[in-house]
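Inspection log for the structure reproduced underneath, given as structure tokens.
Read the figures in this text as sums done on the coordinates, not as results from a lab. Computed from a predicted model, the values in this text were never measured in an experiment. Cβ atoms come from the backbone with ideal geometry, glycine included; neighbour counts cover every protein chain shown.
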Amino acid sequence: MKILLTTILILFSVFNYGQVDSTDHIGKELQDCLDSSENYSTKRMTDCVNTATEKWDAELNKAYKELLDLLMAEQKEKLKISQREWIEFRDKEIEFSNQLYYDLEGTMWIPVAAQTKLDLTKKRTIELESFISVLTLNK
């Protein structure tokens, strides 16, 4: 059961991102946490996912601020609107996935539900970082 849950979390991440990026230190820390024998309970696995989500959220905020500093006034306003709408989307998506997974039988779905926020946060961070890369390369 514990191995099944770990496998589900890994596969969910791989399907979302195509492959595990070896440069993703947060992902490596998450995998190390999930692989630890002391973390084979649902609560501990969920804690691992939540810790990784917090780290991605910090990266997201850092990228958002860095991107804002690179933009002109009109672009900044559009980014602010986009970010507010993304947060609204993220929250609704988490609400949906929580309902879906919590209605399934078994506690193994709790960390899978937690993975939704991690995946959304990581994806948005990567999107913002790609904008930063484009702007810094064209200067």
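Worth pointing out:
- Protection proxy ranking, peptides 95-108, 51-64, average beta carbon neighbours within 10 Å, highest first: 51-64, 95-108
- Local net charge near Ser133, Cβ-Cβ under 13 Å (Lys/Arg +1, Asp/Glu -1): -2
- Packing-based ranking, highest mean first, of 65-76, 28-39 given that Cβ atoms within 10 Å are counted: 28-39, 65-76
- Centre-to-centre separation between the Cα atoms of segment 115-139 and those of segment 69-97: 12 Å.
- Taking Cβ atoms as reference points and 13 Å as the exclusive limit, the residues near Asn98 contribute a net charge of -1, counting Lys and Arg as +1 and Asp and Glu as -1.
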